Amino acid sequence: MKGFFHNISPKRAVKDFAGEWNAPNPYRWHILGLAGAITFAMLFFLIPKSERAPPAKPDITWITTFAESRTAGEIIATNCANHALRVELEKRLAARAELRKELYKQLGRATFIDVDAMEAKAEADRAREAAAEAAKGPPVVEPTPEELALSVQEYCARATS
């Protein structure tokens, strides 16, 4: 077997193929097409179809941080407390953003940058964006203070009637 592979040379094989391809043969393209078709047919029939298994069902973990026996009033009270926390956090973030803006204005003035022109340009950009947002469609309707004063049941009953 060792002697058999000793006589095989890829370089010689390419030269031999080029010599046969360049030889005047009227059936060259027919043979090439037939060889390609046979190769395609063998690959088509011999390679198995891939079968995919359905995905495993996920394990569902229910939220267990709240007691199951909570009443609607307790749920509303916790929602209101969380809303108050969120409002306080938004106020603090807005104050920090304003402080940051003022510090950058002071830095700009200290480095001789025209901060007022930059602020005017930023305001014009914000106004243009607000106009584009308003042109997109009708604004989101916010609930009135009277609607906010209603309980959940009263609000739902009023909305369905």
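Since every read-out is calculated from the coordinates, none of them should be taken as a lab result. Model, not experiment: these values are computed from the prediction. Counting neighbours? That spans all protein chains shown, and the Cβs are built from the backbone with ideal geometry, glycine included.
Quick look at the numbers
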| quantity | calculated |
| --- | --- |
| Among Phe17, Phe66, Phe112: highest mean-square fluctuation, GNM of the chain, C-alpha pairs under 10 Å | Phe17 |
| Value of [θ]222 nm, deg cm²/dmol, for the chain, DSSP H segments ≥ 4, -39500 (n - 2.57) each, nearest 500 | -23000 deg cm²/dmol |
| Residue-span extension gain [Ala23 to Ala81] - 0.36 nm each, minus C-alpha spacing | 11.9 nm |
| In sequence order, calculated HN-Hα J values of the stretch 60-68 (Karplus, 6.51, -1.76, 1.60; Hz; x Gly/Pro) | 8, 10, 7, 5, 10, 7, 10, 5, 6 |
| The stretch 10-25 - phi-based ³J(HN,Hα) in whole Hz, Karplus 6.51/-1.76/1.60, Gly and Pro as x | x, 5, 5, 5, 5, 5, 5, 5, 4, x, 5, 5, 7, 5, x, 10 |
| Sites matching trypsin sites (Lys or Arg not before Pro) across the stretch 50-91 that sit in DSSP coil, with at most 10 neighbouring C-beta atoms within 10 Å | Arg52 |
| Whole-Å semi-axes of the ellipsoid equivalent to the chain (Cα gyration tensor, √5λ, descending) | 74, 37, 22 |
| For the stretch 113-122, 3J(HN,Hα) per residue [Karplus equation, 6.51 cos²θ - 1.76 cosθ + 1.60, θ = phi - 60°, Hz, x = Gly/Pro] | 9, 6, 5, 5, 5, 5, 5, 5, 5, 5 |
